[in-house]
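The values are calculated or read from the model by the stated rules, or taken from the named source; none is laboratory data. Here the structure is a predicted model, which is why all the values come from computation and not from measurement. Reconstructed Cβ throughout: ideal geometry from the backbone, glycine too, with neighbour counts over all protein chains shown.
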């Protein structure tokens, strides 16, 4: 028996499959007449030389006067825990904004007709930088596209894999790219509902 283990991420190893084998005659005399390699992913390859650059900055903290009063996520929240909370509510409770993308909080289930954060012409390559300025981990999910991962904190990623969700550690910066070949308004948000509905959500448009 042989255990197939995915230990790519430190401390998050898990068993993918358990293989069992012995010396008995094979079930088939000859292998199936099928190609051994999987077909290449049909996603269009980004043209990084002519890419349009966009940046998403994740921010978190208390809101005051309609503006982000502080950033830092968990640090900001833990600081609040030591304050006299009489007459106050924690950010994110009752639909109040606690998080922002580039200074804008899109709360609840979003707003119909909200202006897109940026607009891309159909067919162009977008080089997207996502910068986490908070002290929280954020799995950021994009609708309508898969992202080609380029770098994390200035270092090239080892496999240049395609993802539709990117996990950012506190203070992480990731760079990725995609071809804007799918027209429409598309959401980009944190893939944890309470933080998404408290502000970590935005929309971009492909025309």
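Looking at the structure I just gave you, is residue 139 farther than 28 Å from residue 8 by Cα, out of contact with any helix residue (DSSP H, G or I) (no Cβ under 8 Å at 6 or more places or on another chain) and in contact (Cβ under 8 Å) with a residue 12 or more places away in the chain? Against the criterion (farther than 28 Å from residue 8 by Cα, out of contact with any helix residue (DSSP H, G or I) (no Cβ under 8 Å at 6 or more places or on another chain) and in contact (Cβ under 8 Å) with a residue 12 or more places away in the chain), residue 139 does not qualify.
Among the numbered conditions (1) modelled with pLDDT of 95 or more; (2) touching a strand residue (DSSP E or B) at 6+ places or on another chain (Cβ under 8 Å), the only one that residue 188 does not meet is (1). The single condition from (1) buried (at least 21 other Cβ atoms within 10 Å of the Cβ); (2) under 30 Å from residue 10 (Cβ atoms); (3) at pLDDT 90 or above that residue 204 fails is (2).
Residues considered: 189, 127, 195. Of these, the only one that is touching a helix residue (DSSP H, G or I) at 6+ places or on another chain (Cβ under 6 Å), surrounded by 16 or more Cβ atoms within 10 Å (Cβ to Cβ) and not in a loop (DSSP other than H, G, I, E, B) is 189. Taken over the stretch 167-186, the criterion of being farther than 17 Å from residue 137 by Cβ and in a strand (DSSP E or B) is satisfied by 175, 176, 177, 178, 179, 184, 185, 186.
Return the total of residues in the stretch 162-181 being touching a residue at least 60 places away in the same chain (Cβ under 8 Å) and surrounded by fewer than 18 Cβ atoms within 10 Å (Cβ to Cβ).
Residues of the stretch 162-181 touching a residue at least 60 places away in the same chain (Cβ under 8 Å): 162, 168, 170, 177-181.
Retained after the next criterion (residues that are surrounded by fewer than 18 Cβ atoms within 10 Å (Cβ to Cβ)): 162, 170, 181.
Residues flagged as touching a residue at least 60 places away in the same chain (Cβ under 8 Å) and surrounded by fewer than 18 Cβ atoms within 10 Å (Cβ to Cβ) within the stretch 162-181 amount to 3.
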